[in-house]
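Following: one structure in structure tokens, then a few remarks.
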Amino acid sequence: MGNTNSKDSSEDGSPNDHPIATYKNYITPDGHARLTDEFLWLMNKERPEVTAIVSWAAGNGDRSENGDYIYGKKRLREIDRRIHYLTKRLDIAEIVDPSIPREDEAQIFFGATVTFSDSNGQTETVSIVGVDEINTTKGSISWISPMAKALIKSRQGDVVSLLTPAGVKEIEILTVKYRKISAELFEPPIKR
């Protein structure tokens, strides 16, 4: 029997309370381009190739013991799931270009690149980006992350409190810059 409670799940079966679904999809132009490139690759290259393999494998007879058919169908489900996700994310995307001049460039909002120091004098620089663009090794944090939430609406020179697992940490905002934030280009996975 199917789930009839529409408050618990959406049409595609994903939970409505998924954190990504409850926020606007702010994204930088490079982040949007990366998602679009992945979507187009899946639609125009990967899915047609896998579909051809599944079609060929289906013509080989018994499907229950046909590895190409079984793996191909599984891979098609994965591709379709990712296409569905990307379609939803791109449909609701609100592109925000951080390089466009702002009225107040000292206040932190989406797209800001912020340098701050902690009480030990350690400095760190982070760029506030969309949830689909996170790359902590390059200092790109989601605008809904605890650190970004602590920084947003603050200004250069402010001291803000950041709740960490080790307790409350005071950080001083040293610089706020708005500039182009580069996202890694989409690269199709290498087939083995």
task: Per residue of region 75-84, in order, report the coupling 6.51 cos²θ - 1.76 cosθ + 1.60 (Karplus, θ = phi - 60°) as ³J(HN,Hα) in whole Hz, putting x for Gly and Pro.
output: 5, 4, 4, 5, 4, 4, 5, 5, 4, 4
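If you stretched the chain out fully between Phe186 and Ile95, how much longer would it get, using 0.36 nm times the residue separation minus the C-alpha to C-alpha distance?
Working: separation 91, 0.36 × 91 = 32.76 nm, distance 1.78 nm.
The span from Phe186 to Ile95 would gain 31.0 nm if fully extended.
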- line: Phi angles of region 164-176, converted by Karplus (6.51 cos²θ - 1.76 cosθ + 1.60, θ = phi - 60°) into ³J(HN,Hα) in whole Hz with x for Gly and Pro, give 10, x, 8, x, 6, 10, 8, 10, 9, 7, 8, 9, 10
- request: Mind checking which aspartates and glutamates have their Cα closer than 12 Å to the Cα of Lys169? Skip sequence neighbours fewer than 8 apart in that chain.
  value: Asp118
message: Taking 45 Å as R0, compute the FRET efficiency from the Cβ-Cβ separation of Thr36 and Leu162 and round it to 0.05.
response: 0.85
query: Which of the lysines could a cross-linker span from Lys180 if the Cα-Cα distance has to be under 22 Å and same-chain partners fewer than 8 positions apart are dropped?
result: Lys24, Lys138, Lys149, Lys153
Dipole of region 112-178, positive direction: furthest Cα of Ile152, Gln122, Ile141, with charges on the beta-carbon: Ile152
message: Run the reach check for Lys45 against lysines, Cα to Cα strictly under 21 Å, same-chain hits fewer than 8 apart removed. What comes back?
response: Lys73, Lys74, Lys88, Lys191
task: Would you calculate the separation in nanometres between label points at Glu103 and Ile134, each defined as 7 Å from the Cα along the Cα-to-beta-carbon direction?
output: 3.2 nm
- line: Full extension between Lys153 and Trp56 adds, at 0.36 nm per residue less the Cα distance, a length in nm of 29.2 nm
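Each reported figure results from applying straightforward, stated rules to the coordinates on display, with no laboratory input. Quick caveat: nothing in here was measured; it's all calculated off a predicted structure. No Cβ is skipped: glycine too gets one built from the backbone with ideal geometry, and neighbour counts run over all protein chains shown.
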